[in-house]
Every structure is written in C-alpha cells, then in structure tokens.
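Working notes, structure below.
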Amino acid sequence: MIQVRDSAPRRDVTAQPNNDRTAAIAASLAQATYDSLNAETVESVKLLVADGIAVAVAGTREPAPAIVAEHVRALEAKQEATVWGYGFKTTAQHAAYCNAVAMHVLDFEPMSSPPTHAVSPTVPAALAMAEALGASGREVVAACAKGFELQGRVLLASSHTRGSLPFHTPGVVGVMGSTAAAAHLLGLEAPQIAHALGIAASRCGGLPANTGSMVKCTHCGNAAAAGVEAALLARRGFTANPNIFEAGDGYVETFFPRHFDYDALLEFGRPYRCVNPGMAIKFYPSKYPTHFAIAAALGVRGKVGDVSRIREVRILTPEIVDADRAQPRSGLEGRFSFQYTAAAALLDGRVGIDSFSDARRFRPDMEALLAKTTVRRVPSRSRDTRNMHVDIEVIMDDGVVHRGTCSAPPGTWGQPVDPGQHREKLRDCLGVRLDKANQERVLEALARLEELSPGDLAGLLARLA
C-alpha cells in the first residue's frame with residue numbers, strides 16, 4: 001500500500017510581470033478541500049463519477065480494454081488497486097490506465113464544456129489512488145472536483161474550440177486533471193503540486209489520426225496513468241519546471257499559443273465548471289457530434305415506416321471531418337461516423353452499445369442503407385457542439401421527403417438530466433457485468449459516495465472487479 005503523506009507566433013510569456021501563474025494554480029489546488037465544496041458541486045461530482053464508473057464497466061467487454069488488461073496482468077506488478085471487470089489488482093498507475101481505457105472505449109462518458117472527456121482521465125486516477133491509500137469517499141469527491149475543474153478552467157482560458165489543438169484534447173488537459181486528483185489524495189503541498197504539473201506537462205499528447213481505432217481510448221488511459229505517476233514522483237522529490245504554465249516553451253506557449261486568459265484560469269472553483277455550465281450526459285455511446293445526427297434520425301423514424309423503402313438519406317453537418325466516415329471499417333469506427341450512427345437510428349429505432357458491434361456493422365440492411373447515405377458539410381455552420389445543429393432528409397422511394405433537425409441532443413449542457421433516464425443508462429451499463437442485485441448495491445453506494453468509509457469504498461471497488 002502506498003503510504004500517505006496551428007503555428008501561431010510565439011509569445012514571450014516569461015516577460016510578463018506576474019510570472020507565478022503555476023504557483024497560483026497550485027495554491028488553489030492545495031487549498032481546495034471537500035469542506036470547501038458546496039452541496040451542488042458534490043452532487044454534480046457524484047453524478048459524473050457514477051456515470052463514468054458505469055460506462056467503464058460496460059466498456060470492459062470491448063476488445064481494446066481486454067487486451068490492455070491482459071497486458072497489464074502479465075506485468076505481475078504490485079497489487080494496490082483494482083482493475084474493474086477483470087478480477088485482479090495492480091499498481092495504482094496501471095489500474096488507472098486500464099480503467100480509463102475502459103471508461104473511454106465506448107465514447108459514452110460525460111462531455112465537458114468546452115468539450116473534452118474530463119471524467120475518464122480523472123475518476124480512474126482518483127479511485128486507484130484512493131484504493132491504494134485507503135482513502136474515503138469524500139476525498140474521492142474532492143479529488144475529482146479538482147481534476148474536472150482544472151481541465152475546464154484550462155479550456156476556458158484558452159477559448160478552446162473544436163480542431164484548435166493538433167492533439168486529442170484529453171491528451172493535453174486530461175493529464176493535468178488526473179495530476180490534480182492524485183495530488184489531492186497524496187496530500188501534496190502547493191510547491192509539490194507545481195512540480196507535479198510540470199512533470200505532467202511533458203506527458204501530453206494523443207494524435208487525432210487514431211480516432212476510430214483502439215488507440216483513441218488509450219489517450220485517456222495514458223492521461224490517467226501519467227497524472228498518477230506525476231503526483232507520485234513529485235511526492236518523492238522529483239522536480240520539474242515549477243513555472244510550467246507561463247514558461248517559454250512551456251505548457252501554455254506550446255499548446256495554447258494564440259490565447260490564454262490567466263484570469264479565467266485562476267477563477268478556480270468560482271463556480272466549479274462541473275456545475276456551471278455543467279457537463280453533457282451522453283445517452284448514445286458515440287462521438288458527441290454524432291448525437292445530433294442520431295437525435296435527428298430518431299425524430300423522423302416514426303414517419304418513415306418501412307425502412308426498406310428509403311431511397312436516400314442526406315445529412316447536413318458542420319465541417320467536422322473526422323465524423324464524416326461513409327464506410328466505417330468496423331463497428332468501433334462506426335462510433336465516429338455521422339452516416340453510420342444515423343443509419344443505425346433509422347434501422348433500429350435506438351442506438352446502444354450493441355449498435356457498434358462488427359456483426360451489426362456488416363449486416364446486409366446496414367450495408368444497403370450506408371450506400372444510400374451521404375453527408376454534406378456546411379462550412380458556415382458552427383462546429384462547436386454547444387451551438388451546432390444537424391439536419392437530416394430521408395427520401396422515400398415514392399419521392400416523399402421526411403426532414404428532421406437537432407440542435408440539442410438529450411442530456412446536453414443547460415438541460416436538466418432526467419434522473420430516471422440516467423438511472424436506466426447506469427443500469428444498462430452495469431448490467432454488462434453485474435446482476436441486478438449487484439447493480440443496485442453499486443448504485444446505492446455511489447449515491448452516498450461522500451459518506452463511504454475507506455472500507456466501504458474498498459468494498460465498492462471489489463464489487464466492480
């Protein structure tokens with residue numbers, strides 16, 4: 001057990017008068033405690049943790065997490081933290097990696113604003129560290145609140161928009177979130193946190209070209225593991241540039257060279273961004289922009305009737321190139337395709353985990369409808385999922401056209417999440433591995449996460465194994 005205790009001109013950030021931004025954010029992280037969180041923040045964090053865990057349990061049935069788990073099991077590392085779904089323990093760092101891979105593989109976890117997958121790098125890191133340290137549920141809540149907040153503040157400060165980074169966003173900000181979470185559980189002081197953030201900054205990456213492959217889910221896995229490693233190294237006295245945010249060739253200058261508002265970053269927790277603007281809860285296990293196509297397709301499906309009579313499907317989207325995939329090479333790649341997700345919605349009247357199996361991808365009805373489905377990208381449309389829209393036109397063999405549009409999928413930012421609908425999602429995900437009795441025990445424990453003793457938390461994680 002671990003013992004507690006696009007090429008823009010470069011700016012000379014080191015020449016700015018306040019050369020202590022990293023120290024300031026480290027101080028904010030050090031000062032934030034569970035007792036400093038208000039009730040609304042606690043409830044928001046608990047909902048996001050529950051969603052992430054349920055999605056991860058469902059993800060453990062996918063090939064990519066299974067391969068990762070077997071790879072890690074073969075390392076025969078020190079047994080500190082549970083790898084969910086696979087019945088073994090490993091180091092906290094490796095457990096965070098495996099569980100984050102499982103949490104992201106379905107692309108079903110919550111979406112931050114500005115968009116990133118903030119939950120997958122943070123929750124596995126926090127829970128792995130908590131299990132290794134023997135921490136309580138309230139410390140997990142506080143750790144996750146900090147991890148979510150740091151990611152949200154960085155993206156707000158950078159005015160992040162889709163496509164503005166040459167890397168997959170969780171690979172750049174997720175490492176900072178997992179570091180913040182692990183640092184909290186280790187009780188690091190502000191100077192140690194500054195060094196941990198410096199270590200983490202050199203772990204950033206993740207190439208968008210791997211979207212649609214198994215590698216994408218490892219972007220969150222790497223971020224979770226790197227944050228745990230950064231905090232553990234800093235605790236042992238390992239050092240980095242303690243001014244990594246503001247340093248020349250540092251974090252901000254490298255990843256956000258065009259704009260960075262330090263005032264927005266340092267408004268840490270006022271309020272927590274998981275509360276305002278909140279996170280979007282996904283009700284379809286696919287890339288978030290495809291939710292607009294799915295919802296639009298489901299909206300017209302009742303008018304279509306016999307889907308075999310569809311002559312053509314036209315989808316009008318923003319200029320989101322990586323979701324324009326006319327012939328996905330697998331069910332997994334179908335998660336990132338406007339065409340495939342809309343076709344699944346029209347054919348089946350629902351889009352769920354089983355919609356993205358290879359068996360579903362290559363059935364004759366799907367092959368036939370994909371051949372009739374086209375995407376037209378409209379450059380003038382916003383690519384920002386907070387204010388974008390997608391239209392669909394379904395042309396029947398008699399010339400009748402059914403039209404639908406979506407500008408706000410279920411669970412989107414600013415819309416209340418239906419508790420019953422969300423609980424149904426959680427049960428469906430947990431049901432991939434757990435019987436009904438254990439589903440209810442897990443949900444009950446997560447509902448009172450802040451009350452769980454270290455033993456209770458260990459029991460919850462053992463159940464997930």
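For the reader, a short list of remarks on this structure follows.
- PRO271 vs. criteria surrounded by fewer than 17 Cβ atoms within 10 Å (Cβ to Cβ) and closer than 29 Å to PHE108 by Cα: yes
- LEU106 satisfies every condition listed in (1) in contact with a strand residue (DSSP E or B) (Cβ under 7 Å, 6 or more places away or on another chain); (2) among the aliphatic types (A, V, I, L, M); (3) part of a loop (DSSP other than H, G, I, E, B) except (1).
- Of the set (1) open to solvent by 10 Å² or more (accessible area, probe 1.4 Å); (2) assigned to a helix (DSSP H, G or I), all apply to ALA231 but (1).
- Taking the criterion of being under 14 Å from ALA344 (Cβ atoms) and in a helix (DSSP H, G or I), the only residue of region 305-322 that qualifies is VAL307.
- Within region 156-175, residues that are farther than 21 Å from MET214 by Cβ reach partners that are of a type in the set (Phe, Trp, Tyr) with beta carbons closer than 8 Å, at six or more positions or on different chains, in the pairs ALA157/PHE256; ALA157/PHE260; ALA157/TYR262; SER158/PHE255; SER158/PHE256; SER158/PHE260; HIS160/PHE256; LEU165/PHE255.
- Filtered residues of region 448-457 (kept if in a helix (DSSP H, G or I) and surrounded by fewer than 16 Cβ atoms within 10 Å (Cβ to Cβ)): GLU451, PRO454, GLY455, ASP456
- Each residue in region 265-296 was checked for being in contact with a Phe, Trp or Tyr (Cβ under 6 Å, 6 or more places away or on another chain), over 30 Å from ALA343 (Cα atoms) and assigned to a loop (DSSP other than H, G, I, E, B), and 0 pass.
- Tabulated pairs, region 357-368, first within 8 Å of GLY331 (Cα to Cα), second at pLDDT 95 or above and not in a helix (DSSP H, G or I), C-beta under 7 angstrom, 6+ apart or interchain: ASP358/SER330; ARG361/PRO328; ARG361/SER330
- Taking the criterion of being open to solvent by 40 Å² or more (accessible area, probe 1.4 Å), in a helix (DSSP H, G or I) and either of a type in the set (A, V, I, L, M) or over 28 Å from ILE315 (Cβ atoms) (or both), the residues of region 406-435 that qualify are PRO419, GLY420, ARG423, ARG427.
- When the test is whether a residue is open to solvent by less than 40 Å² (accessible area, probe 1.4 Å), farther than 30 Å from GLY302 by Cα and over 20 Å from the mean Cα position of the chain (by Cα), ALA445 passes it.
- The residue list VAL401, VAL390, VAL378, VAL351 contains one member that is modelled with pLDDT of 95 or more, open to solvent by less than 80 Å² (accessible area, probe 1.4 Å) and either of a type in the set (S, T, N, Q) or within 22 Å of the chain's Cα centre (by Cα) (or both), which is VAL351.
- Of all the residues in region 42-73, those that are among the acidic types (Asp, Glu) and either touching a helix residue (DSSP H, G or I) at 6+ places or on another chain (Cβ under 7 Å) or open to solvent by less than 10 Å² (accessible area, probe 1.4 Å) (or both) number 1.
- Consider region 284-298 and keep the residues that are open to solvent by less than 10 Å² (accessible area, probe 1.4 Å) and among the hydroxyl-bearing types (Ser, Thr, Tyr). The one that is nearest to THR412 (Cα to Cα) is TYR288.
- Residues that are surrounded by fewer than 24 Cβ atoms within 10 Å (Cβ to Cβ) and within 24 Å of LYS46 (Cβ to Cβ) occur in region 115-131; there is at least one.
The values are calculated or read from the model by the stated rules, or taken from the named source; none is laboratory data. All values reported here derive from a predicted model rather than from experimental measurement. All Cβ positions, glycine included, derive from the backbone under ideal geometry; neighbour counts span all protein chains shown. What goes into the accessible areas is simple: the full protein's heavy atoms, side chains included, and nothing from ligands, DNA or RNA. Shrake-Rupley method; radii C 1.70, N 1.55, O 1.52, S 1.80 Å.
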